[in-house]
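Okay, so here's the structure we're looking at.
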Amino acid sequence: MTITPRTLPPPPVENDLLPEPSPDAAFLARLALRRSTKVAHLTSPGPEGETLDAILRLGARVPDHGKLGPWRFIILSGDNRHAFGKKIAGLLSDRGQVKDAERLAQEEGRFLRAPVVVAIVFSPVESPKVPEWEQVLSAGAVCYNLLLAANGFGYGGCWLSEWVAYDRDALALLGLSPQEKLAGLVYLGTPTEAPMERPRPTAASRVTHWQP
Ligand SMILES: Cc1cc2nc3c(=O)[nH]c(=O)nc-3n(C[C@H](O)[C@H](O)[C@H](O)COP(=O)(O)O)c2cc1C
């Protein structure tokens, strides 16, 4: 079945009645078996146009205390991926941090590893009611929801931070203000192979039942 953005229900507006939760085997199977796709296993095509818009729209449907929307997206696609790679390679070179030509070429190509890279920016909102921590959690939920939405359209994705997320100069080049942080860089594309399960903690190993 081909899924297009038109397959989706139209975006609901405030006070629209929405469907109640109902048992959904396909949805549960997706959650039970989903995995990120390694960035090395992503290729073209990636989501673009209406499909990318729909992925962002679905990705942003997350719990958000105070309805603050403390996040925004910056898209790196096409030639801009290389242009931004050149900027960060230039940064490392100007600082004298990296001289090795091979490593600089690698930095130039950092965002070429997938056809589309979505930067999810955490933009804190001053609020007397909602602690910043809760806003951070909402931004993290956007990153994960974006992966799920991309999977729903048949694309693979991988949530990375890498050094760029923690370098204020690189973040300024990306367009972040000093108050903002990078919640993640979600690389999106077509998987070249099926993922294999990875080790993961069982939920049971993390559960206790509180008793008085
Ligand atoms: C906030 C965050 C940042 C991450 N940054 C990196 C990273 O920089 N490099 C990396 O190899 N993996 C990173 N990962 C892990 C990858 O996303 C990893 O492939 C993923 O956790 C695989 O789990 P899954 O298949 O269950 O989705 C990060 C994960 C999170 C949640």
Contact order relative to length for the stretch 56-175, counting C-alpha pairs under 8 Å separated by 6 or more residues, stands in percent at 38
Ignoring GluC sites (Glu not before Pro) buried by more than 16 other Cβ within 10 Å or outside DSSP loops, the longest site-free run in the chain is 49-125
Share of the stretch 123-212's accessible area from carbon and sulfur, percent, 1.4 Å? 60
Leaving out ligands and nucleic acids, note down the accessible area per residue over the chain with a 1.4 angstrom probe, in whole Å². 63
Cβ-based charge dipole, the chain, positive-most Cα from Leu173, Ser138, Pro199: Pro199
Could you give the angle, 0 to 90 degrees to the nearest 10, between helix 49-59's Cα long axis and the longest principal axis of the Cα atoms of the chain? 60
Which log10 I(q)/I(0) values, to two decimals, does the chain give at q = 0.08, 0.11 Å⁻¹ under the Debye formula with one point per Cα? -0.34, -0.63
Along the charge dipole of the stretch 1-97, which of Ala83, Pro9, Thr51 sits closest to the positive end, that is, farthest toward it, with unit charges on the beta carbon of Lys, Arg, Asp and Glu (+1, +1, -1, -1)? Ala83
Can you tell me how the stretch 126-192 classifies by the Cα gyration tensor, rounded, prolate or oblate, using a/c under 1.5 as the rounded cut? oblate
Whichever lysines have a C-alpha closer than 24 Å to that of Lys181, once near sequence neighbours (fewer than 8 apart) are set aside: Lys38, Lys67, Lys86, Lys87, Lys129
Using a Förster distance of 35 angstrom, determine the FRET efficiency expected from the C-beta separation of Val13 and Glu126, and round it to 0.05. 0.80
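The values are calculated or read from the model by the stated rules, or taken from the named source; none is laboratory data. None of the values given here were measured: they were computed from a predicted structure. Every residue, glycine among them, receives a Cβ derived from its backbone with ideal geometry; neighbour counts consider all protein chains shown. Protein only, heavy atoms only, side chains kept; ligands, DNA and RNA dropped before computing areas. Shrake-Rupley method; radii C 1.70, N 1.55, O 1.52, S 1.80 Å.
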